[in-house]
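Undergrad: I am attaching a structure below and will ask some questions about it afterwards.
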Amino acid sequence: MTEPQELSGAIPDSTSQLQVPSPRKGQTRLTELFFGAEGLRSGWGFVLYLAMVLALFMTARWLSPALHRLAGTVWLYLAQEIVVVICAVFPQWR
C-alpha cells in the first residue's frame, strides 16, 4: 500500500485576496444604493417589478369603463383575465 502524500506548504488564506470595491469616480450616493459591483443590487429588481405591476393595474383600472359595455357576457371575463396576464407578464419581459 502506498501512504498518502502530505500537502507541502500551508493552505493559502482566501480572505487575503478579497478586496472591497472602491466607489467609482462620479458615482453618487443614490447610485451606490441601487447598484453594486455586479449590477443592480438584490431586492431592487423585485421592488421595481412590483412598482411596474402596480402602475399597470392602476392604468387598467382607469381604462376599465371601456369594458363595461361587455357586462354580462363571457367576453368581459376574458378581457379581465387578459388584463391581469398583461399586468403580470409585461414588466418581466426583457
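Undergrad: List the pair-distance distribution P(r) of region 46-94, using every Cα-Cα distance, as the percent of pairs falling in each 5 Å bin from 0 up to the bin containing the longest distance, rounded to whole percents.
TA: Binned Cα distances yield the sequence 4, 21, 27, 22, 13, 8, 4, 1.
Undergrad: Taking 22 Å as R0, compute the FRET efficiency from the Cβ-Cβ separation of Y77 and F57 and round it to 0.05.
TA: On the way: r = 17 Å, r/R0 = 0.78.
In this case the efficiency is close to 0.80.
Undergrad: Something else now. Can you give me the long-range amide H partners of F35? Hydrogens built in the peptide plane at 1.01 Å from N, cutoff under 5 Å, separation of 5 or more residues or another chain.
TA: When sequence neighbours closer than 5 places are left aside, the close amide H contacts are R41.
Undergrad: Okay, moving on. If each residue of separation counts as 0.36 nm, what is the full-extension length gain between A66 and L30 once their alpha-carbon separation is subtracted?
TA: 8.9 nm
Rule-based calculations on the coordinates, nothing more; no lab input. These figures come from a predicted structure and were not determined experimentally. We place every Cβ from the backbone using ideal geometry, glycine too, and count neighbours over all the protein chains shown.
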